[in-house]
Amino acid sequence: MYADSMPTLKIGNLEISPPIIQGGMGVRVSRANLAGAVANEGCAGVIASAGIGRYENFPKSDSSEINSEALRHEIRKARSMTGGVIGVNIMVALSDYDTLVRAAVDEKVDMIISGAGLPLSLPKYLNGDDIKLIPIVSSARAFRILCKRWKVNFDRIPDAIIVEGTKAGGHLGYHYQNVLDNTTSSLEHTLQEVLRIANTFNPKIPVIAAGGIFDGKDMAHFLGLGASGVQMATRFVCTDECDVHENFKQAYINAHAEDITIIKSPVGLPGRVTSNRFVEEINQGRTVPFKCKYQCLRTCEPDKAPYCTTEVLANAAEGNLDESFAFAGSNAWRCNEIVPVRLLVNKLVKEYQVEQCEDPISAEVAEQGF
């Protein structure tokens, strides 16, 4: 659709143009409506599996089946909407990771994106199916370890790799204090380190930049540095087709730069959210008593957690922002309108066209070998 003006992201036999993967956003933020609309524009639409089923009021014995069936439903719904590329994001940290991966494989999605831990066992689920496997990493070291383990155990390598920096929304794969102090490597630096490894393979592994990428200018910058594509999540929240409640979208539109903040999540990771009264209260030590029925995240310790992350995010998805927060990327405050996906993608392409011929920062970084 946009092949004449933008490069195409090629992952095996998949062609994604514009070279944008819509990031998976749980709980129930990116489902079939968003993924299908994005795929119809030539990008890759992604359904987030985390908390996709309405299982809050059921015991653990039922939650896995509820999530699995909900994921199957959303995949089938997205397939009915588009002939484009549909993927699923499945977090390694999920307690029902195995069940969700098997459901995605059964439904023959085009790609499985997996982060929040290293998906060291992911290839074992494929059984010969041609499904592209795309891990998310935050360092070259993690990428190197993953490639070695996959090669030894499964005689394969990732079909592509997503490099996610600290400006992403939601839970971040970095230490809390490092994010606060801004002492982590920049996405540009990590991207270049990962590219050095990816380019040693034949064929080269496509590298996708993610975290804080907001507009066509950002796309031109990272494609200029050698990325084959970008992943964007936050920007797709404020679209007509995004599956989340309108109050969630308005939290972005009403936010100012200083309202995007980092919290220490009960699951042991930093998280980027839009600030509100609830966030201020939990930062001051408020607790929300709960009884865990499902232990949905392996890293969560319910007996020590001041509140249930899943319940909070489910509240957000339903629009109850008085008792929750909205996960958001660092640039969420720049969203100022809710538009159709088609209009957003057209705008991104036009912004890219303006920038693609002149990006001195990319040239300087590339010359210095960062």
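A few points about this structure:
- Ranked list, fewest to most other Cβ atoms within 10 Å of each Cβ, for R28, R277: R277, R28
- With neighbour counts taken as other beta-carbon atoms within 10 Å, the residues V105, V92, V345 rank, fewest first, as V105, V92, V345.
- When both bridge partners sit in the stretch 1-148, DSSP labels roughly 20% of those beta bridges antiparallel.
- Relative exposure of Y252, Y97, judged by other C-beta atoms within 10 Å (fewest first): Y97, Y252
- Along the stretch 235-247 the Karplus relation, 6.51 cos²θ - 1.76 cosθ + 1.60 evaluated at θ = phi - 60°, assigns HN-Hα couplings of 4, 8, 5, 8, 10, 4, 7, 4, 6, 7, 4, 4, 4 Hz to successive residues, with x for each Gly and Pro.
- Residue separation of R277 and D155 scaled by 0.36 nm, minus their Cα-Cα distance, works out to 38.9 nm of gained length.
- Remark: the D322-L343 segment gains 4.5 nm on full extension, using 0.36 nm per residue and subtracting the alpha carbon distance.
- Given K10/K124; K204/K350; K108/K167; K217/K347; K167/K217; K108/K347, the pairs whose alpha carbons are separated by over 21 Å: K10/K124; K204/K350; K108/K167; K108/K347
- Each residue of the stretch 117-124 was assigned a 3J(HN,Hα) from its phi angle through the Karplus expression (A = 6.51, B = -1.76, C = 1.60, θ = phi - 60°), giving x, 7, x, 5, 9, 3, x, 5 Hz with x at Gly and Pro.
- Label-point gap, in nm, between K217 and R72 - each point 7 angstrom along Cα→Cβ: 4.7
- A simple charge model with +1 on the Cβ of Lys and Arg, -1 on the Cβ of Asp and Glu and nothing else charged puts the dipole of the stretch 36-177 at about 500 debye relative to its Cα centre.
- Projecting label points 7 angstrom from Cα along Cα→Cβ for R286 and K148 puts them 4.7 nm apart.
Coordinate-derived values only; no laboratory data. Being a predicted model, the structure only gives us computed values, none of them experimental. We place every Cβ from the backbone using ideal geometry, glycine too, and count neighbours over all the protein chains shown.
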